[in-house]
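The structure under discussion appears below in the form of C-alpha cells.
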Amino acid sequence: MLKIGAVFIPVTNVNKSVEWYKDVLELNYVGTWPGDEGADFYFNTEKQYLSLVKVNKKQPTVFS
C-alpha cells in the first residue's frame, strides 16, 4: 500500500500553530526549526510526519 510520508502545512504564526496542533489534535511535537521557520509533528499510529512551514501571508487552498 502506498502511504504519504509527510504533509506540509503553510502557517503565518508558527508558535500559535504549534500550540493548536499539540492541544487540539494532540499530535506528538518533535521540535521547531531554526529561526521559527517551521515545526514538525509525528503521528505515532501511522508513522508519518506533519510539518508546519512559515509563510508571510495566508495562501489559498487549491485542489486540482
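The values are calculated or read from the model by the stated rules, or taken from the named source; none is laboratory data. Just so we're clear, the structure is a prediction, and the values are computed from it rather than from any experiment. FYI the Cβ positions are ideal-geometry reconstructions off the backbone, even for glycines, and counts take in every protein chain you see.
Here are a few things to note about the model shown:
- Here Q48 fulfils each of the conditions (1) over 21 Å from K3 (Cα atoms); (2) in contact (Cβ under 8 Å) with a residue 40 or more places away in the chain; (3) not aliphatic (A, V, I, L, M) apart from (1).
- Filter result (surrounded by 14 or more Cβ atoms within 10 Å (Cβ to Cβ) and either part of a loop (DSSP other than H, G, I, E, B) or modelled with pLDDT of 95 or more (or both)) within the range 30-49: T32, W33, G38, A39, D40, F41
- Verdict on K54 being closer than 15 Å to I9 by Cα and surrounded by 14 or more Cβ atoms within 10 Å (Cβ to Cβ): yes
- For the range 12-29, a residue qualifies if it is more than 10 Å from L50 (Cα to Cα) and either in a loop (DSSP other than H, G, I, E, B) or in contact with a Gly (Cβ under 8 Å, 6 or more places away or on another chain) (or both), and the qualifying residues are T12, N13, V14, V24, L25, E26.
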